[in-house]
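What follows is a single structure, written as C-alpha cells, with notes after it.
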Amino acid sequence: MTDIVTLKAICDELKIDPREARERLRAAASDAKANPELAKARKPRTPWQWVKGSKALEEARRAIKGGVQ
C-alpha cells in the first residue's frame, strides 16, 4: 500500500494555517508550466493529498513554503 501525505500533515510540520496553504496550492496548481506535476495531480473537490516521495509532493511543499518566513 502506498503512503499518503495529507495537507494537514504538511501544515503541522511547517506550522502554517491550512487555509493559507490551500490558497498557495490553488495558485501554484493553476500555473502548469511552473508546477506540472502538481497541476496534473490536482482534482477539484477532493482533499489535497499526495503519494509520499512523488514529484507532486515536492512541488506542493515548495509552493506552501514559498511564503513561509
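Readers should treat all values here as calculations from the given coordinates under stated rules, not as data from a laboratory. Please read these numbers as outputs of a predicted model, since none were measured by experiment. Don't worry about glycine lacking a Cβ; one is built from the backbone with ideal geometry, like all the others, and counts go over all protein chains shown.
Restricting to the stretch 1-31, what's the tally of residues that are hydroxyl-bearing (Ser, Thr, Tyr) and either under 15 Å from PRO47 (Cβ atoms) or in contact with a strand residue (DSSP E or B) (Cβ under 7 Å, 6 or more places away or on another chain) (or both)?
Looking only at that region, the number is 2.
Conditions tested, residue by residue: (1) surrounded by 12 or more Cβ atoms within 10 Å (Cβ to Cβ); (2) part of a loop (DSSP other than H, G, I, E, B); (3) in contact with a Cys (Cβ under 6 Å, 6 or more places away or on another chain).
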position: ASP12; (1), (2), (3): no, no, no
position: ARG22; (1), (2), (3): yes, no, no
position: ALA28; (1), (2), (3): yes, no, no
position: LYS33; (1), (2), (3): no, yes, no
position: ALA39; (1), (2), (3): yes, no, no
position: ARG45; (1), (2), (3): no, yes, no
position: ALA60; (1), (2), (3): yes, no, no
position: ILE64; (1), (2), (3): yes, no, no
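For (1) touching a residue at least 12 places away in the same chain (Cβ under 8 Å); (2) not acidic (Asp, Glu), each residue gets a yes or a no:
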site: ASP3; (1), (2): yes, no
site: THR6; (1), (2): yes, yes
site: ASP17; (1), (2): no, no
site: ARG22; (1), (2): yes, yes
site: ALA28; (1), (2): yes, yes
site: ARG45; (1), (2): no, yes
